[in-house]
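For reference, the structure is listed below as structure tokens.
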Amino acid sequence: MKEELHRVIVGQDEAIDLLLLGVLSRGHCLLVGVPGLAKTLLISSLAKTLDLSFNRIQFTPDLMPGDITGTELLHIDPETSERRFRFAKGPIFANVVLADEINRTPPKTQSALLESMMEHQVTIGGMRHPLPDPFFVLATQNPIEQEGTYPLPEAQLDRFMFMVHVPYPSRDEEREILRRTTGAGEVELAKVLSATELRELQEAVRAVPVADHVLDYALALTRGTRVHSSEPFAFLREWITWGAGPRASQFLVLGAKAHAAIQGRNHVAIEDVRAVAHPVLRHRIVTNFSASAEGMTSDKIIDRLLAEVDPAAAVGAGVPGVRSAG
């Protein structure tokens with residue numbers, strides 16, 4: 001899959017790796033980056049390498065919930081003139097759904113994704129309609145344009161396994177982008193993975209064993225951010241309003257399992273948890289004014305957290321261990 005994606009995408013190795021980890025973990029991903037960094041192209045190209053159904057939803061201020069989930073339409077039988085309501089499926093009924101510029105639509109429409117992302121179903125008129133399996137929501141968001149946008153509420157951000165930052169390309173990568181995109185011809189991507197094969201890989205990832213000390217380490221990272229509990233680090237109290245919830249711990253472990261599997265190991269190590277800590281935690285930590293005033297972003301706070309949590313001291317009751325008195 002990575003070989004196929006790199007036929008279209010130049011660079012963005014970390015974003016590609018995290019997308020693959022999310023797919024193998026059955027998680028949804030939110031890609032954040034300025035316009036023109038191939039976020040939409042990356043997701044659509046990923047869908048082309050999978051033998052799965054794909055729909056793109058362009059989020060706009062006038063988009064309604066029914067435009068995503070579908071709606072009931074009055075159907076008249078031409079022979080019997082019998083009238084009945086028939087459910088017309090919306091674009092959410094696909095294996096891979098690209099939610100493009102998800103912060104461009106009001107909260108009422110954003111909330112239409114909540115049930116589908118967690119329960120893989122849609123409820124319309126009291127009837128439950130299951131979504132295809134596998135099912136992924138891969139969303140994009142522009143971080144710099146705030147006018148006319150509706151920031152995702154924390155409850156919906158929590159549904160995304162990873163928040164993936166898409167950076168600017170390097171000079172050499174941008175030169176290669178110019179070479180590829182300003183000439184003739186179009187790359188046709190091959191489908192390398194079927195739905196059945198993907199489900200088998202997902203089951204294999206979930207079967208990767210995790211030792212207790214790795215679970216304790218994941219717990220220490222998550223519980224150490226909760227400033228309203230008895231377990232946070234003192235230095236975090238001045239920067240964080242709310243910390244990560246239980247989904248963060250779950251996604252740390254699932255992401256670590258997928259990372260270990262891709263690395264060719266049949267067990268999870270501390271390094272696997274650390275590898276996915278930033279994309280799992282960065283959108284689950286709510287910083288305050290003091291953090292903004294001191295230039296402390298979520299990523300910098302996670303850096304400090306990873307430096308302070310001692311894997312050896314985290315074993316046991318899940319109480320964070322500090323490497324040093326400082």
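Among THR287, THR297, the order by Cβ neighbours within 10 angstrom, fewest to most, reads THR297, THR287.
Spatial offset of the stretch 77-113 relative to the stretch 1-42 amounts to 26 Å, using the alpha carbon center of each. By the count of neighbouring beta-carbon atoms within 10 Å, fewest first, PHE289, PHE135, PHE235 end up ordered PHE289, PHE235, PHE135. Summarising the strand pairing of the chain, around 40 percent of its internal DSSP beta bridges are antiparallel. Here the 3J(HN,Hα) profile of the stretch 275-291, calculated from phi with Karplus coefficients 6.51, -1.76 and 1.60 at θ = phi - 60°, is 5, 10, 5, 5, x, 7, 9, 4, 9, 10, 9, 9, 7, 10, 5, 4, 5 Hz, Gly and Pro shown as x.
The relative contact order of the chain comes to 20 percent, based on Cα pairs under 8 Å that sit 6 or more residues apart. Compute the whole-percent fraction of alpha carbon pairs in the chain spaced more than 29 Å apart. Here the tail beyond 29 Å accounts for 44 percent of pairs.
Ranking of VAL276, VAL187, VAL208 by neighbouring Cβ atoms within 10 Å, starting from the fewest: VAL187, VAL208, VAL276. With 23 Å as the limit on Cα-Cα distance, the pairs of LYS2/LYS39; LYS39/LYS257; LYS89/LYS257; LYS2/LYS191 that go past it are LYS39/LYS257; LYS89/LYS257. Using a cut-off of 15 Å between beta-carbons, work out the net charge of the residues near LEU157 (Lys and Arg +1, Asp and Glu -1, LEU157 not included). With Lys, Arg at +1 and Asp, Glu at -1, the net is +2. Taken one residue at a time, the phi angles of the stretch 15-25 give Karplus couplings (6.51, -1.76, 1.60, θ = phi - 60°) of 4, 5, 4, 5, 4, 5, 4, x, 5, 5, 9 Hz. Gly and Pro are set to x.
Helices in the chain, meaning DSSP H runs of at least 4 residues, each add -39500 (n - 2.57). Divided by all residues, the mean residue ellipticity at 222 nm is -11000 deg cm²/dmol.
Here the relative contact order of the stretch 31-144, from alpha carbon pairs under 8 Å that lie six or more residues apart, stands at 34 percent.
Full extension of the chain segment joining TYR168 with GLN58 gains 37.3 nm, where the gain is 0.36 nm per residue of separation less the Cα-Cα distance. Ordering 215-221, 45-51 by mean Cβ neighbour count within 10 Å, with the highest value first, yields 215-221, 45-51. Relative contact order, whole percent, for the stretch 208-308 stands at 31, derived from Cα pairs under 8 Å and 6 or more residues apart.
In order along the stretch 217-227, phi translates into HN-Hα couplings of 5, 4, 5, 4, 5, 5, 5, x, 8, 8, 6 Hz, rounded to whole numbers, per the Karplus curve 6.51 cos²θ - 1.76 cosθ + 1.60 with θ = phi - 60° and x for Gly and Pro.
Label positions at ARG265 and ALA293, each projected 7 Å from the Cα along the C-beta direction, are separated by 4.2 nm. Label sites at HIS6 and SER111, each approximated as a point 7 angstrom past Cα along Cα to Cβ, lie 4.5 nm apart.
Quick note: the coordinates plus some simple rules give every number you see, no bench work behind them. As the structure is a computational prediction, the values presented were derived from the model and not from experiment. Here Cβ is always computed from backbone atoms with ideal geometry, including for glycine, and neighbour counts include all displayed protein chains.
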